[in-house]
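The values are calculated or read from the model by the stated rules, or taken from the named source; none is laboratory data. Predicted model only: the values in this text are computed from it and were never measured. Note that we place each Cβ from the backbone using ideal geometry, even for glycine, and neighbour counts take in every protein chain shown. Side chains included, ligands, DNA and RNA excluded: accessible areas come from the protein's heavy atoms. Shrake-Rupley method; radii C 1.70, N 1.55, O 1.52, S 1.80 Å.
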Amino acid sequence: MHSSVGQWIIYLLPPLVVAGFALLAVLERRRLGPAAPLGFIDRNGWPVALFLIVAVGLWTVFMIVMPLMAMVDLSFRPKLAPPQWGGPKDFYTLENYRYFLFGSTTSTDNWNVTHLKAFGLTIWVSILITILDFAICYPIAFYMARVAGPARLRLMMLMLIAPYWVNEILRAFAFRILFTQQGVINKALLAMGAIDQPIDFIAADVALYSGLAYAYLLMMMFALYNAIETLDRNLIEAARDLGAPWWHIHTFIVIPHAKPGIGSGATLVFMLTAGSIAAPLILGGPKTLWFTPIVYDRFYQAFNWQQGAAYALILLAACVVFVLGVLKLFRLGLGEIAR
Amino acid sequence: MSTRAIHRALMGVYIVIFFAYLFGPLLIMGITAFNKSAYPQIMPFEGFTLDWFAVLAADKDMIYGLQKSLWIGFLVVLVSVPVGLAGALVMTQVYDRARSFYYLIVVSPVLTPGVIIGISTVVFWRQATQMTGLKFIYDGTVLTVLAQSSFISAYTMLIFLARLARFDRTLEEAALDLGASRAQVFRHVLLPFMLPAIGSAAVIAFLSSFENYNTTTFAILADKTLTTVLAGRMRQGTTPALSALAVAVVAVTIVGAILFEIVKRREDARAKARAATAERAFNAELTADAAGAAAA
């Protein structure tokens, strides 16, 4: 198939969908007749209505939908020099996705081991980090929402937010100072006589994992706090009066109630971790290959944008699968997660 | 000791460990900024120095990146505050299935990894500018503003939605009954009500833009911002000048936070005073009415 079709879809489909919705609205109003509620323009007055339509239209069409569609379109094209774009060689192909799975056609390996391994590692570690962040945050969030008084709560909130004023890259740098061979932790361990040789924490990925767990902790914390905060205090009191041990109270009352918060926290932490690029660049060991730097290299080292787009889409697909999995697991709707 | 007391003690220990994890790395980084040693370390402490701040101030790339980051942050505020406001207002006016469709679209940037937003923006505008000849759009600054605004507008929209949930629709109706036009209602009733949210949305938008790296590193093309300069430096090796930068950033934010708190308190006090005056006037009217009724 000739791929200018893709361009037509990108440029015509979004306006068509918008027009479709507008048409549906008009038909609905006609059906209701005089009983119809006030129309959009009548309701806002035309200056405001114009502002709303232009702002939301530009945002949704040109900044959200079209870029994504362009990326999907590009990912199915072969790498070509700009003069050949739209020419006879520019047809849709699965080459970029085939490359992700099986590697270059000249290689002797059956699979594209490097990239597949990096992808698997990224997803697996992101899931572990998400679980770890939940475990770290849950006691604190519960304490803030249920135990702490207002003054202490305010102080803890402030102390939670303060470290996140520092830039993501500088935060990763702080972990680098801690964990390098001449770093603070090695110096301290050597001085205490616990070890005779400095430990290479960076190569062992200790630095990367603790840095990643640190980086997006706040998302989980506030999601959990907001969810637990709405729990009716009487439920816990009642359970306690009925003799429930503390872990019963958490497993059967607090955690089920906090499910939407856990879902939204997990989604955000997973997405941010899997998509993070600063921490892996700064803290990753020489042998550890995270997926996002590979995507970056497709673009600005290999200059193969088509393949880069395909790789980005694979990452996006993994995130979508994770979000859907969380929704299914916790039986939630999307609206409950993105609050 | 009862189990509850043990629980409380354990909880206390955990909270201390947790905040040590949160602040420890940053404190150590802060100390290395003042150590003479050329390698960022605290032991041995070779002597107090402010030289690393001087090194920082003389770093031309860093200064250029800082200016660019401030400029981009300003533009992102200009785009994402009105767009987020419009997005939130439209949300309150669409219903049924169109609403969940709309919600899915406008919230999706929040749930999309930043690198992907950067990539898709660059890919789309490269193609679009080549087709239309609008070459000036294909520029690091413009693309970064577009890419960042795509998800920062979603943040501001969520802030506005939270504020709108508390808006009293009867105020609008009252103004309309009194003969105000729709535009006047928007300008004199809705906007003043949204003002605090506009302030915090602007702050959040600026900060998110200023510290963004994932989206920026793709969208900035050959240009550079503070975060991309920083990441480049960090790949070359570590120097205490970077710690000095962190200290400077923290100092600026703390001053900013204190100023913000002062302004907010003053505003709160003013609002309280206004409420007190209103109440006094209301009471006075009541007494006057009562007096009038008694006289009659």
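Observations
- Here the condition is being modelled with pLDDT of 80 or more and open to solvent by 20 Å² or more (accessible area, probe 1.4 Å); of A:LEU283, A:LEU315, A:LEU327, it holds for A:LEU327 alone.
- Residue within region A:159-170 that is of a type outside the set (S, T, N, Q), crowded, with 17+ Cβ neighbours inside 10 Å and more than 26 Å from B:VAL247 (Cα to Cα) present: no
- Conditions (1) open to solvent by less than 40 Å² (accessible area, probe 1.4 Å); (2) more than 21 Å from B:LEU226 (Cα to Cα); (3) at the interface with another protein chain (Cβ under 10 Å from one of its Cβ atoms); (4) at pLDDT below 85; number of the one not met by B:ILE31: (1)
- Candidate set from region B:247-279 (those that are among the small types (Gly, Ala, Ser) and at pLDDT 80 or above); member that is surrounded by the most Cβ atoms within 10 Å (Cβ to Cβ): B:ALA248
- B:ILE63 meets each of the listed conditions (1) among the β-branched types (Val, Ile, Thr); (2) in contact with a Phe, Trp or Tyr (Cβ under 8 Å, 6 or more places away or on another chain); (3) surrounded by fewer than 18 Cβ atoms within 10 Å (Cβ to Cβ); (4) assigned to a helix (DSSP H, G or I) apart from (2).
- Lone unmet requirement of (1) more than 9 Å from chain B (Cβ to nearest Cβ); (2) surrounded by fewer than 19 Cβ atoms within 10 Å (Cβ to Cβ); (3) not β-branched (Val, Ile, Thr) for A:GLN182: (1)
- Filtering region B:227-244 to residues that are more than 8 Å from every other protein chain (Cβ to nearest Cβ) and either of a type in the set (Lys, Arg) or in contact with a helix residue (DSSP H, G or I) (Cβ under 6 Å, 6 or more places away or on another chain) (or both) leaves B:THR228, B:VAL229, B:ARG233, B:PRO240, B:ALA241, B:ALA244.
- Region B:111-124: number of residues that are in contact (Cβ under 8 Å) with a residue 12 or more places away in the chain and more than 11 Å from A:LEU68 (Cα to Cα): 3
- Only listed residue being surrounded by 13 or more Cβ atoms within 10 Å (Cβ to Cβ), more than 30 Å from B:LEU245 (Cβ to Cβ) and of a type in the set (A, V, I, L, M), chosen from B:VAL13, B:VAL83, B:VAL76: B:VAL83
- Boolean, B:LEU85 is farther than 25 Å from A:PHE270 by Cβ, assigned to a helix (DSSP H, G or I) and either more than 9 Å from chain A (Cβ to nearest Cβ) or among the small types (Gly, Ala, Ser) (or both): no
- Within region B:187-209, the set of residues being at the interface with chain A (Cβ under 10 Å from one of its Cβ atoms) and open to solvent by less than 40 Å² (accessible area, probe 1.4 Å) comprises B:LEU190 only.
- Counted residues, region A:230-268 - those being in contact with a Leu (Cβ under 8 Å, 6 or more places away or on another chain) and either outside any helix (DSSP H, G or I) or acidic (Asp, Glu) (or both): 1
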